[in-house]
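Here is the structure we will look at, set down as structure tokens.
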Amino acid sequence: MGSELEKLKDIVDRSDNIVFFGGAGVSTESGIPDFRSTDGLYHQQYEYPPETILSHTFYRQKPGEFFRFYRDKMLAPGAKPNAAHKKLAQWEKEGKLKAVITQNIDGLHQAAGSRKVLELHGSVLRNYCEKCGKFHDAHFMLESKGVPCCACGGRVKPDVVLYEESLDTDVMREAVSFISQADVLIVGGKIGRAHV
């Protein structure tokens, strides 16, 4: 594995136009579960599988169950950026990394100092009222009970892409643009027990 890391270091040292594309494996070191590992969301004991609970249909039909799962498994207020998040932020500060494109919804890239982060699936740090549009933070969601409601009476929805919902076309377009212009694309996540 040492030679692989040396190759990566050499590539990074010689480039100033890197884009990083990552997923759940980047945040597992921070204590945030992925979907498929032993402790992942697919191995939790809920009445419904996660892909059902995290669907738009389920959100509409069983909001109480949706928000119970959301508070239990999707919000991680104690999570801190790990070495991977910090290294990416360092590369951006050094002018090497142009963007982080992430499927994660945890905000840890920004917490580590990354500024150009394209969140394909949104963020649990942003939640909005479906009636008046007012935004609420993750603390509001954690402190709320049952189905969270805004002062106006509207339901507060996490600003995350649920199954059956479309990705934001502007974010996708920008991500494709960064990737197509990159000299180096690093894809990171979890492969078995090894982290890339």
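Round to the nearest 10 and give me the degree value, 0 to 90, for the angle of helix 169-181's Cα axis relative to the longest principal axis of the chain. Value to nearest ten degrees: 10. Once the chain from residue 52 to residue 15 is taken as fully extended at 0.36 nm per residue, the excess over their C-alpha distance is 9.1 nm.
With one equal scatterer per alpha carbon and no solvent term, the Debye-computed log10 I(q)/I(0) for region 15-164 at 0.10, 0.20 1/Å reads -0.38, -1.25.
Highest GNM mean-square fluctuation among 61, 110, 90, for the chain modelled with Cα contacts below 10 Å: 61. Return the subset of 9/116; 73/134; 9/157 for which the Cα-Cα distance in this structure is over 30 Å, preserving the input order. Violating the 30 Å Cα-Cα cut-off are 9/157. Rounded to the nearest 10 degrees, the inclination of helix 2-14 to the longest alpha-carbon principal axis of the chain is 90 degrees. For the chain, the fraction of 1.4 Å probe accessible surface lying on carbon and sulfur atoms is 52 percent. Rolling a 1.4 Å probe across the protein heavy atoms gives the chain an accessible surface of 56 Å² per residue.
The loop-placed trypsin sites (Lys or Arg not before Pro) in region 74-164, going by DSSP, that have at most 10 neighbouring Cβ atoms within 10 Å of their Cβ come out as 145.
Among residues other than residue 141 with Cβ under 11 Å from its Cβ, the summed charge is +1 (Lys and Arg +1, Asp and Glu -1).
The values are calculated or read from the model by the stated rules, or taken from the named source; none is laboratory data. Being a predicted model, the structure only gives us computed values, none of them experimental. Don't worry about glycine lacking a Cβ; one is built from the backbone with ideal geometry, like all the others, and counts go over all protein chains shown. We work out accessible area using only protein heavy atoms, side chains counted, and drop any ligands, DNA or RNA first. Shrake-Rupley method; radii C 1.70, N 1.55, O 1.52, S 1.80 Å.
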